[in-house]
Amino acid sequence: MKILFIGGTGNISGACTRLALSRGFEVTHLNRGISENPFGTSVRTLSADINNSAAMNKVLKNEFFDVVANFIVFTPEEIHRDFNLFHKKTNQYIFISSASAYQKPPTHPVITESTPLKNPFWQYSRDKIACENLLNSYYQDKDFPITIIRPSLTYETVIPAAIGSWDDFTLVDRIRQGKPIIVHGDGTSLWTITHSEDFAKGFVGLLGHQQAIGHSFHITSDEILCWNQIYEAIGIAAGKEPDMVHIPSDFIASYDDFHTGNLLGDKAYSVIFDNSKIKSYVPDFKATIAFKVGIKRAIEWFEEKPSRMTIKKETNEFIDKVIHAYSNLK
């Protein structure tokens, strides 16, 4: 099976590439040839700027793929571009959406694929919803063979915290130094964090899946943790108990517009993902990497190369500012 990944070396897509290769798929990456290719000759590379239509038409001229999966689409304009590029070049186009597109605030804590899509807090999520709507119209009106996948908080080479880190080491560094960290709310809302290797099992199982055309899926772990437990696990992996300061989400958001979406539009609510649909389409899908195991591996990945362990001054300043302001209210 011939697969084209657009964005195939990232936090999520890297694991998907590895698993697809292990299952014997012929994997091609499309990129501009700037990023390091960790897969060597195992992956074929097409080099072009996807926004350059002339360059893309040239590299795609004699190509056809069983599956095209784009991990880095964020706007309807990009969906329209991809439709023009690939509607005659593939039997399945996979769009990576986001579980943050689901209804916020949720009217029910159990999320299924039929949960409405609505997020008044986060433009990122509204853009993903608009992408889904456009794709569904292309499927209905133009027979574009789409599959939509909605990851939630998925990690491998990042620190999956709500506040304090993502692709940097700031949160772990604060914990190790004994500095306080912020936990939104009282830390008891429920959340699910999924390791990319587990996500890949469901994702790769949908590649070329004839019955998946026209359908949407979320793919998450079944492990449910509260945010206190999540930060406790990060502390255990970091080797020091975290000093957690609990602050209301709306107070945090008042100091940074990003957290209006990140918290009020996503992580402030308890959600439980029902994975029945992905399991019915991919019967061998099962998430097996517990967060306490995966976060230890993530920290070790950062520590393998000190250059990865970046500390963001602006993040430290934001955390200190918010904690100071909130303590003055007491």
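The values are calculated or read from the model by the stated rules, or taken from the named source; none is laboratory data. The structure presented is a predicted model; accordingly, all values stated were derived computationally and were not measured. For neighbour counting, all protein chains shown are included, and Cβ atoms are generated from backbone atoms with ideal geometry for every residue, glycine included.
Considering only residues of the range 233-242 that are surrounded by fewer than 19 Cβ atoms within 10 Å (Cβ to Cβ) and in contact with a Lys or Arg (Cβ under 9 Å, 6 or more places away or on another chain), which is nearest to Val293 (Cα to Cα)? Checking each candidate, the answer is Ile236. Of all the listed residues (Thr220, Thr170), the sole one being under 30 Å from Tyr93 (Cα atoms), modelled with pLDDT of 95 or more and among the hydroxyl-bearing types (Ser, Thr, Tyr) is Thr220.
Of the residues Asp143, Asp168, the single one that is more than 24 Å from Lys277 (Cα to Cα) and out of contact with any Cys (no Cβ under 9 Å at 6 or more places or on another chain) is Asp168. Scanning the range 157-174 for residues that are closer than 22 Å to Lys118 by Cα and either of a type outside the set (Ser, Thr, Tyr) or over 16 Å from the mean Cα position of the chain (by Cα) (or both) turns up at least one hit. Scanning the range 243-296 for residues that are surrounded by fewer than 20 Cβ atoms within 10 Å (Cβ to Cβ), among the acidic types (Asp, Glu) and under 22 Å from Ala161 (Cβ atoms) turns up Asp243, Asp250, Asp256, Asp257.
Would you check if Thr41 is assigned by TED's automatic domain parsing to the domain that holds Glu132 and in a helix (DSSP H, G or I)? So Thr41 passes the test. The residue that is nearest to Ala69 (Cα to Cα), counting only those in the range 89-111 that are touching a residue at least 24 places away in the same chain (Cβ under 8 Å) and β-branched (Val, Ile, Thr), is Ile94.
Tell me which residues, restricted to the range 272-314, are among the hydrophobic types (A, V, I, L, M, F, W, C), part of a loop (DSSP other than H, G, I, E, B) and out of contact with any strand residue (DSSP E or B) (no Cβ under 8 Å at 6 or more places or on another chain). Val282, Ala290, Met309, Ile311 - these are the residues of the range 272-314 that are among the hydrophobic types (A, V, I, L, M, F, W, C), part of a loop (DSSP other than H, G, I, E, B) and out of contact with any strand residue (DSSP E or B) (no Cβ under 8 Å at 6 or more places or on another chain). The one condition from (1) within 22 Å of Lys2 (Cα to Cα); (2) modelled with pLDDT of 95 or more that Ile111 does not meet is (1).
With a requirement of 2 or more residues that are crowded, with 16+ Cβ neighbours inside 10 Å and in the same structural domain as Ala298 (by TED's automatic domain parsing), the helices (runs of 4 or more DSSP H) lying completely within the range 68-181 that satisfy it span 170-177.
The condition (being within 18 Å of Val183 (Cα to Cα) and touching a His at 6+ places or on another chain (Cβ under 8 Å)) is satisfied by just one residue among Leu263, Leu329: Leu263.
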